[in-house]
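Asks: To start, I am sharing the structure in question, which I have written as structure tokens.
Taken together, the values in this text are just the output of simple stated rules run on the coordinates, not laboratory data. Everything numeric in this text was worked out from a predicted model, so none of it was measured. Glycine also receives a Cβ, built like all others from the backbone with ideal geometry; neighbour counts cover every protein chain displayed.
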Amino acid sequence: MMNTVKNGTRPIQKNQVRRINWLRWIVGISTGLFLLYRIILMVIRPTYGPVYWLGFLNTGLIVGGMYSLIAIGYTLVYGVMSLINFAHGDIMMLGCFAGFFTFEFLNYLPSGDSSFLNNHPILSILFAFIMGTGVSMLSGYFLEKLAYRPLRNSKIRLAPLISAVGASIFLETSAQILFGATKKTYKNPDLLARGSGWNIQMDGGMIVITKTGVFSLLMAIILMIALYLFVQKTKLGKSIRAVSQDKMTAQLMGINLDRVTSQTFLISGFLAGASGVMWGIHNGLFNHYVGFLPGIKAFTAAVLGGIGNIPGAMVGGMVLGIVESVGPAFLGIDFQLKDVIAFAILILVLILKPSGLFGKSSGSVEKV
Amino acid sequence: MKKSIFFVLCVLLLTSVLTVGAADMSRCDADGGCAVIEPGNTIKIGMAGPITGEYAMYGADISDAMKISIDELAPLDGFEWELLAEDTLGSAEAAVSVANKWITDESLVAVAGNVLTGESAAVIPIFEGASIPMLSPSATGANLTEDNAVFNRVVFQDAAQGKFAAEFIVNQLGLTKVAVLHDGLDYGKGIADVVRDTLISLGVEPVAYEALTPGEADYTAVLTAIASKSPEIIYYGGYTAELSVVANQLSQVGMAGVPVFSDDGAFGSEFIEKAGANAEGCYGTSSIPADSPEKIAFDQKYEEVLGRVAGSKSSFAWFAYDVIKALSTVISETAFLGDDGNLYVPRAEMVNNVRNLSGFQGITGEITCNEVGECNASGPTFYIVTDGAWVVAN
Amino acid sequence: MKNMTYKTIQNAITTGIILIFFEMIDLTSTLAIILEKLFTGNSKVKTVTPNYLIAVIGLIVFIAAAAFTNKNLTPASKISLPKKLTAGLIFGLITGGMLALLNIILGNFLNNGVDLRKYLEVLSPDVIRNFLFQKDIQSAVMIFFGTSVAGALAGTLVMHIFQVTGQPAGLWHSIKKSYGSFQQQQHSRRNQLISRSALVLLVIFILILPLIANAYTISVLGLVCIYAILGLGLNLIVGLSGQLVFGYVAFYAIGAYTFALLTAPKPLGIQLSFLPAFVIALVMSGIAGGLVGLPIMNLRGDYLAIVTLGFGEIIRILINSNNLTDFTGGPQGVKNIGQPGQPAFIGNLLGAPLKNNVWFLYLIFAVLFIVIYVVFRLQYSRTGRSWEAMREDETVAQACGVTTSSYKVLAVVIGAVIAGAAGAIYASRNTYTGPGEYVFMVSVNVLAIVVIGGMGSIPGVLLGAFIIKGIPELLRDLESYRMIVFGAMLVIMMVIRPEGLLPVKRRRLSVKPESVESLKENFKS
């Protein structure tokens, strides 16, 4: 009896493995062929001039930079705690509000013949970033202490996730009642006025590379490089990497798990706050709900790159941003369906490479 | 002798009073019976909408404006008015719960809502079963008033303003390269669809028909796609916040100077404030008469009570104010005082009377309901931003 | 001692921050109104009475101080009463000081005619005047200090008395003890009979409930039951087979839309009757489950979660999109969805047909019972055991001869069919459905139901559904604050009981080796 079962299951197992590989091949080749067909079609019968492609790419890079920053926050926390920090988008929202209030205050503050905001724009932007990141860091720190730390050793892996959902609902509704549900607009200093920038004109069309866009992309890249160096070179970075590889051994090596976790939340809060202020400066419009959509997108980006992997999150965010803005034009479909394309890309990538773009195949996992 | 006459008179008087009373009470035998308000209780008008959550700005603003309106009402036969503002988070699921809660309340007479189209569609069958009339200040979805007797609204149905707007663009402005953009929600898409269809029937094929995702705030990708078709005008169906971003980002994709034509959901001073110089030359739609004394009085009161300018949170505050006023008028006409001191409002009559409401003068113009419950009788007026202010466009 | 002072100050500042937060969102006023309603029995209170506001602040400080004393000034630490009272005094002074500071600032804004509502929406002049108890700033500050100190001292004192007498804690322990012995007694035959009859009574009560409840209760009960069905389906996938699915709403939406489009006059005009449409809806969602399941067989954990999330979003966007509007009704949704007719014999039996909503609630009950039965049988079948093995360790399960990939797909398909049933019933109950109802938060809510109830536990799912969908309805008195309270409750519930409210027994056995020993002992005796 036992023998038949064994003999019965074994070949099925093998078949299945083969079938999955077949599936991958089919999906991969057909996607490739389709892309090739679209590219040829685009060359033969272009629907958009080159300047518009530049425009799509520009939008994608800026949005992608913000996704990347938020995604790194997810990935860091996931690496250390194996937790999907559902309230991460709301931490970003708090940072966005803090930056808004800083700008409003500085605009109200007189200095010389005009406001402090316009007389010292660089200083003002710096203040906004300090306030935004500060508020986000604090809220991330306390969130971890109150809602996640008691659950860290729980056997139910999903308990912290539901706790995070509760925290997210709490933060969102609190912000709504405190500040009102009206959509607010950032008051930028004149130096970084929204919409102003460098015109690029090409055969009839024209697009503008905006100052705010360049600023946020540069900010995002600088912060990402700084973070990468930080995680690779400093002692705290090393302990974060150690913890995300093996909690037990890391503790045995004398790493204080509580402290590393807190500090991870501080870093991820910093990045979320920075992206919140960037969102405000570049896009302007925001309210209590601002963190929800970017949060989900950034989470998707983190998985796309291989969750727990910092370069993966960076690349994932960029890829997602570019796919969202270039994808619909490339495939010639409605822009309403850009999220469909984004998620379809995600599913495709995971079918072809089940642990994300940069993730190592499960088993010996090297996170972060 | 005198005593007997007195006695007879007394009996006569008593019977007459009783018969009058009995005749009154027969009005409650119709379908749905009567709403009963006992002495000390209040006449209740319900308002359900998203007071928290993603669409909180609409629900919260409408309930605030309604509170202002209901506080102004004088007691009816000694009965005070009360607004029951309930939160639905904008979901049909919670709206159904709220509706079922209300139909068990004997003193709830009418519903000033719902706020969003989706939730309204979900609760109409419930209120129809209980014969409770609805008068919505904001649900504009295309086919809401079809095949039911209870749902009415004071805002434009999408069809009317969309058709007029498309005709205005083609006939008055003489433009032929039109791009249509909407926010993918029931309100914006409803209007945009009508605009597109009317344009096609006028022989003008829209050069682009696209939708954006509200909640994100970088629409340059979709605008680039529209820019590549180089339209002369963009029709936008949606709300103020997104419209202002669209207007601001037009110049980033090389469409500076291309006007945006928008609906009444996006009309108001808020747009000019948010879009600044980029708003110049854009068209808007509104049915609200410019600055009648009542409207100015309401605007002042609104700012005093709530600390913000009317129209800054949503464009429905004025409609919300009028809805309560109109409903209270109908209730006052329909209600009668029973012998037991209770106030009775016959529900079936109430439904009819709201549907037959005519000639009510509110701050949003004349409210006269037609046979399907579209109550905004004044036609749309188109405005254009000139020198930072809305001016009637010709 | 130094440590003690530090802790006192830390706790006092935390309390102060909570109080300031409450004032900033004006929750204190709402609480004061609720307190007054409870106290006077007058349900028409609309404006805040200063005395009740004082009482609310005092109560919050009292509770915080009592909790602080209970946690930090334990009898074991042997701190004398005067010292405790000093700690209480410091506690009260700090929280009072923080509150006073806030109100001095707010009061000054008020007196200078600054309108704060542009940035902080609830703080209208009237509200600030209420905060100052309709008095000038100085006397309000005195009141704040007085209330806070009195509350803190009372809290410490009451807790001290409790600690000395050991009373409520002792009582609680004895109740727990007697309950424990009661539970042990339940194994005896007589008690089994009692619990059986209690179960029968419960079932009878549930069956009668729709007849006596009002429309509101019926509606909320129906919603809770629909979410319970959803929870049971997700419980199979998450709780039993251990796969994290984030896009469960996709199957719910497919079930609802299939049913809606097949029965509604517009936009397709097929107008099937209830039963065939229901069956087709189940088949469609099952197929969708298979389609999602097949390509993701080799994904683990959170990758699976995000792929299903993506699938859910794709479904919603497609339903809403311009391209499919003619087919799905677009953002306007589908109206006039068909409802099942009532069989005539019910009318004959009862004299009159049941009211529509009552009849529908029975139908939901019936589906719920069927789903419970199916899930129960599955859970204790070979399949269920394979799922659990897979959940505990995929590699080991594979080694033991469980073909994990097919069992994964099977779990997703069955879960999808159950979600489809819930969706079809939901659409039919409301006679309307639209894309706005199938947002990501629905998936999150269902996941919360599974986790709060206790993963893999059927009674847990029922309780969880009540908590997630019933509690927000019960909290309606709190008006716009209800979602704040709900969010905080979720966090607190998880922190207190991470394993869920009614965790499944077998799981408890699997985590504690010593309970296996006790089980062996039980078998011997």
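Asks: What shape does chain C take by its C-alpha gyration tensor, where a ≥ b ≥ c are the square roots of the eigenvalues and a/c under 1.5 counts as rounded, a/b above b/c as prolate, and the rest as oblate?
Replies: In terms of gyration-tensor shape, prolate.
Asks: May I pose another question? Summarise the partner chain shielding of A:50-62 as one whole number: the mean count of Cβ atoms from other chains within 10 Å of each residue's Cβ.
Replies: Partner Cβ neighbours, averaged per residue: 4.
Asks: Put a dot 7 Å past each Cα toward the Cβ at residue C:355 and residue A:123; how far apart are the dots in nm?
Replies: The modelled label-to-label distance comes out at 7.0 nm.
Asks: Residue by residue through segment B:237-245, what is 3J(HN,Hα) from phi via Karplus (6.51 cos²θ - 1.76 cosθ + 1.60, θ = phi - 60°)? Round to whole Hz and write x for glycine and proline.
Replies: So the J values, rounded to whole Hz, are x, x, 10, 4, 4, 5, 4, 5, 5.
Asks: Let me ask something else. With the dipole of the protein assembly as shown worked out from charges on the C-beta (+1 for Lys and Arg, -1 for Asp and Glu) around the Cα centre, which of C:192, B:55, A:209 lies farthest toward the positive end?
Replies: The one lying farthest along the dipole's positive direction is C:192.
Asks: Just how large is the dipole of segment B:158-286 about the Cα centre, in debye to the nearest 20, putting +1 at every Lys and Arg Cβ and -1 at every Asp and Glu Cβ?
Replies: The calculation lands at about 340 debye.
Asks: I'd like the FRET efficiency for residue C:142 and residue B:332, computed as 1/(1 + (r/R0)^6) with the beta carbon distance as r and R0 of 51 Å, rounded to 0.05.
Replies: 0.55
Asks: Please give me, ordered by residue number, the GluC sites (Glu not before Pro) of segment B:108-212 that lie in loop per DSSP and have at most 15 other Cβ atoms within 10 Å. Working shown, then result.
Replies: On the way: sites: B:119, B:128, B:146, B:167, B:210; in loops: B:146.
Those that pass, being in a loop and sparsely packed, are B:146.
Asks: Between segment A:181-256 and segment B:87-131, how many Å separate their Cα centres?
Replies: Between the Cα centre of segment A:181-256 and that of segment B:87-131, the gap is 46 Å.
Asks: For residue B:81, what residues show an amide H to amide H distance below 5 Å, using hydrogens built from the backbone and excluding near sequence neighbours?
Replies: Excluding prolines and chain starts, which carry no amide H, the hits are B:43.
Asks: Rounded to the nearest 500, what is chain C's calculated 222 nm mean residue ellipticity when only DSSP H runs of at least 4 contribute -39500 (n - 2.57) each, over all residues?
Replies: -24500 deg cm²/dmol
Asks: Something else now. Once you keep just the Cα pairs under 8 angstrom separated by 6 or more residues, what percentage relative contact order results for segment B:158-286?
Replies: 24 percent
Asks: How many angstrom separate the Cα center of segment C:113-138 from the Cα center of segment B:201-242?
Replies: Centre-to-centre distance over Cα atoms comes out at 44 Å.
Asks: So which chymotrypsin sites (Phe, Trp or Tyr not before Pro) in segment C:344-394 are both in a DSSP loop and have at most 13 other Cβ atoms within 10 Å of their Cβ?
Replies: C:380
Asks: Let me ask another. Using amide H atoms built in the peptide plane, which far-off residues or other-chain residues are under 5 Å from residue B:393 H to H?
Replies: Hits under the 5 Å cutoff: B:382, B:383, B:384.
Asks: Does the protein assembly as shown classify as rounded, prolate or oblate by the C-alpha gyration tensor (a ≥ b ≥ c root eigenvalues; a/c under 1.5 gives rounded; else a/b over b/c gives prolate, otherwise oblate)? Each step should come with its number before you reach the end.
Replies: Details: a/c = 1.21, a/b = 1.07, b/c = 1.13.
It is rounded, given that a/c, with a ≥ b ≥ c, falls under 1.5.
Asks: Order these by the 10 Å Cβ neighbour count, fewest first: B:291, B:218.
Replies: Values: B:291 10, B:218 26.
Starting with the residue having the fewest Cβ neighbours, the order is B:291, B:218.
Asks: Which whole-Hz couplings ³J(HN,Hα) result when phi for each residue of segment C:474-491 is put into the Karplus expression 6.51 cos²θ - 1.76 cosθ + 1.60, θ = phi - 60°, listed in order with x for Gly and Pro?
Replies: Computed from phi, the couplings for segment C:474-491 are 5, 8, 4, 4, 7, 6, 6, 7, 5, 6, 4, 4, 4, x, 5, 4, 4, 4 Hz.
Asks: With a/c under 1.5 counting as rounded, go ahead and sort chain A into rounded, prolate or oblate using the C-alpha gyration tensor (a ≥ b ≥ c being the square roots of the eigenvalues; past the cut-off, prolate if a/b is larger than b/c, else oblate). Walk me through the numbers on the way to the answer.
Replies: Numbers: a/c = 2.21, a/b = 1.21, b/c = 1.84.
Judged from the Cα gyration tensor, chain A comes out oblate (a/c at least 1.5, b/c at or above a/b).
Asks: Something else about it: How large is ³J(HN,Hα), in whole Hz, for each residue of segment C:38-46 in order, when computed from phi with the Karplus curve 6.51 cos²θ - 1.76 cosθ + 1.60 and θ = phi - 60°, using x for Gly and Pro?
Replies: Using θ = phi - 60°, the values come out as 5, 6, 9, x, 8, 7, 9, 5, 10 Hz.
Asks: Oh, and also: Between residue C:177 and residue A:23, what FRET efficiency comes out of the Förster formula 1/(1 + (r/R0)^6) with R0 = 45 Å and r the beta carbon distance, rounded to 0.05?
Replies: 0.15
Asks: Report, as an integer, the average count of C-beta atoms from other chains found within 10 Å of each Cβ along C:119-126. Present the calculation step by step, with values, prior to reporting the outcome.
Replies: Details: counts 9, 5, 12, 4, 2, 4, 2, 1.
The per-residue average across the peptide is 5.
Asks: Over chain B, what is the relative contact order in whole percent, taking alpha-carbon pairs under 8 Å and six or more residues apart?
Replies: Reported relative contact order: 19 percent.
Asks: Restricting to DSSP loop positions (anything but H, G, I, E, B) with no more than 16 other Cβ atoms inside 10 Å of their own Cβ, which GluC sites (Glu not before Pro) remain in segment B:283-380?
Replies: B:371
Asks: Place the peptides C:228-238, C:38-48 in order of packing, highest mean first, counting for every residue the other Cβ atoms within 10 Å and averaging per peptide.
Replies: My ranking of the peptides, most packed first, is C:228-238, C:38-48.
Asks: Then there is this: How well do other chains shield peptide A:149-159, expressed as the mean number of their Cβ atoms within 10 Å of each residue Cβ? It would help to have the intermediate numbers written out before the result.
Replies: Details: counts 1, 5, 4, 1, 1, 5, 7, 12, 7, 11, 10.
Partner-chain Cβ atoms within 10 Å, mean over residues of A:149-159: 6.
Asks: If contacts are Cα pairs under 8 angstrom and at least 6 residues apart, what is the relative contact order of chain C in percent? Could you put the intermediate results ahead of the total?
Replies: Values: 691 pairs, mean separation 89.3, N = 525.
Relative contact order here is 17 percent.
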